[in-house]
Amino acid sequence: MVEQGTNALPLTELTAVTTLDGRYREKTAELATFVSEFSLIRTRFEIEARYLLALSDARLIRKLTGTEKERLESFSTEIGLKEARSVKRIEKRIRHDVKSTERSFRDLVIGTSLEDLTEIIHFGLTSEDVNNLAYRLMLERATSEICIPVLDSLVDDLVDRADTYKEIPMLARTHGQAAVPTTVGKELIVFATRLNKEVRKLDGQELTGKLTGAVGNLNSLVFVYPKFDWQGFSQKFVESFGFVVNMTTTQINSYEDVIEYFQTYQRINGILEDFAQDMWRYISDDWFVQEVKEGEVGSSTMTQKVNPIDFENAEGNLPLANGIFEVLSRKLAVSRLQRHLSDSTMIRNLGTALGYSLVAYKGLLDGIKRIRPNETKIEEDLNKDWSILGEAVQTLLRKTGVKDPFKLVAALTRGKHIDHEGWLELVDKLPVDKDQKAALRELTPQTYTGLAEDIVEKAIIDIKSSRKDKNEKATG
């Protein structure tokens, strides 16, 4: 047994405390570039550097040379682990993360042509002027670079399968009971449509930013430069990051925009949890079969098992992600007076919520690629009970003016199981003319699918159009 505080195990995928850095490291490693502690430090450096550039452009400090500008602009990509470790060493001593970044930044300009600007680093700012931009940049970049491409791949996979399987009739269930027929493709395109709608919202969601000083009034900056347009400067600086300026703040930039972002993720994750559960049920009913890969094991004892573990894994990780999003959304909305610090430790967990989400998204992608409809079993179950056509009968009787047709048909079908022969006998008893009886005799569970195919085709067009519109805006 390892004693506490001594002989600590090295941090590896086997010794990590959390599954995101341990078991699921392979699926979440790419997030480290955007939402790790290192990413936070590097993003703070980027903001501090761009602030110096903005002060120079506004002629509040001297004009920078081209080389100096390139040096500062490089901070967004060239700050490495060496510099980050320097920040952490300073933080261990002074116990202030943003001040540690400032001091490390100052060390980087000593001995360079920028040394005369040492005291201008972090000039007139409060930590939250940096942090509010840093966390939003991290959230936006991780979303656009990592999460949305994976989600779009999910949508594309669902669209392709919906198109391929749009003609395969399938029994629908409501309340877990046999309802009326649908098609495999129609049920898949429902999830593609729901998911795509929320992903497009996420893709276009606006975040805010603030540069307003210690309690939101730009006090120190106005004091030393009373005639300068600090509100205009603040707006221009915030907008340079692609954010909407918020000039009405306390020390913090209120989190409603971030909460809205999180809530979009929650809706996405809810849709995908619904999808994972439905696919699990379809696999359980043998309506979908899974690819069998040589060498894989489904049970330690039951040799026949091929388990839907990708869907089960997603179903487990999605609520974990949403639980974190929910707590963050509830707690970040509250900030006592002009500022307190509980939000600081909480917002650091945005990467954890994204990580559990990403594990689920990738798991679902893997799961979808391994399944196909079992058309024989789907058809067998569809034809077990022709009473599912009772809806068509009572609707036709309504059209012809028969009194209380619902009651009439319910008496013939409710709680009963009817085969094809029984269906023909039922039709013969109906108070309709011979042409209507002929139409009902021709009706089958395979043909009673309404506009399912058309709905799939229209939905595919809409989904592709939404993606096209986004790309046109990006290039326009």
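The values are calculated or read from the model by the stated rules, or taken from the named source; none is laboratory data. Keep in mind it's a predicted model, so treat the numbers as computed, not measured. Counting neighbours? That spans all protein chains shown, and the Cβs are built from the backbone with ideal geometry, glycine included.
Before moving on, here are some points about what is shown:
- Test for N196: is it within 30 Å of H340 (Cβ to Cβ), surrounded by 15 or more Cβ atoms within 10 Å (Cβ to Cβ) and of a type outside the set (A, V, I, L, M): no
- When each of E380, E326, E375, E391 is tested for being farther than 30 Å from I418 by Cα, surrounded by fewer than 19 Cβ atoms within 10 Å (Cβ to Cβ) and either acidic (D, E) or not assigned by TED's automatic domain parsing to the domain that holds S153 (or both), the lone residue that passes is E326.
- Among the numbered conditions (1) part of a helix (DSSP H, G or I); (2) farther than 28 Å from G176 by Cα; (3) outside the structural domain of L272 (by TED's automatic domain parsing), the only one that V402 does not meet is (1).
- Residue within the stretch 357-375 that is closer than 24 Å to L318 by Cα, of a type in the set (D, E), in contact (Cβ under 8 Å) with a residue 40 or more places away in the chain and out of contact with any Ser or Thr (no Cβ under 6 Å at 6 or more places or on another chain) present: yes
- Checked against (1) within 30 Å of F233 (Cβ to Cβ); (2) part of a helix (DSSP H, G or I); (3) more than 30 Å from the chain's Cα centre (by Cα), L64 passes all but condition (2).
- Residue within the stretch 131-140 that is in the same structural domain as S220 (by TED's automatic domain parsing), modelled with pLDDT under 95 and small (G, A, S) present: no
- Odd one out for E291, checked against (1) modelled with pLDDT of 95 or more; (2) more than 19 Å from the chain's Cα centre (by Cα): (1)
- Of V432, V427, V456, all but one fail to be closer than 19 Å to V409 by Cα and not in a loop (DSSP other than H, G, I, E, B); the exception is V427.
- Residue count, the stretch 409-425 (criterion: free of Cβ contacts under 8 Å to residues at least 12 places away in the same chain and over 48 Å from the mean Cα position of the chain (by Cα)): 2
- Considering V159, V199, V215, V238, the condition of being out of contact with any Asp or Glu (no Cβ under 6 Å at 6 or more places or on another chain) and in a loop (DSSP other than H, G, I, E, B) is satisfied by V215 alone.
- Selected residue [in a helix (DSSP H, G or I) and either at pLDDT below 95 or buried (at least 20 other Cβ atoms within 10 Å of the Cβ) (or both)] from L318, L337: L318
- E68 fulfils the conditions (1) more than 25 Å from V224 (Cβ to Cβ); (2) touching a Ser or Thr at 6+ places or on another chain (Cβ under 9 Å) except for a single criterion, (1).
- So A411, is it surrounded by 11 or more Cβ atoms within 10 Å (Cβ to Cβ), among the hydrophobic types (A, V, I, L, M, F, W, C) and not assigned by TED's automatic domain parsing to the domain that holds V190: no
- Test: residue in the stretch 208-225 that is in contact with a strand residue (DSSP E or B) (Cβ under 8 Å, 6 or more places away or on another chain) and under 27 Å from L151 (Cβ atoms): yes
- Filtering the stretch 414-436 for residues that are over 22 Å from E167 (Cα atoms), among the aromatic types (F, W, Y) and surrounded by 11 or more Cβ atoms within 10 Å (Cβ to Cβ) leaves a non-empty set.
- In summary, A179 fulfils each of the numbered conditions (1) crowded, with 18+ Cβ neighbours inside 10 Å; (2) under 25 Å from T376 (Cα atoms) with the single exception of condition (1).
- Within the option set G367, G355, G363, being in contact with a Leu (Cβ under 6 Å, 6 or more places away or on another chain), crowded, with 17+ Cβ neighbours inside 10 Å and assigned to a helix (DSSP H, G or I) holds for one residue only, G355.
- Scan of the stretch 57-85 for residues that are among the small types (G, A, S) and either surrounded by fewer than 18 Cβ atoms within 10 Å (Cβ to Cβ) or in the same structural domain as S240 (by TED's automatic domain parsing) (or both), ordered by number: A58, G66, S74, S76, G80
- Residues in the stretch 199-253 that are polar (S, T, N, Q) and closer than 30 Å to D152 by Cα were compared, and the one that is surrounded by the most Cβ atoms within 10 Å (Cβ to Cβ) is T208.
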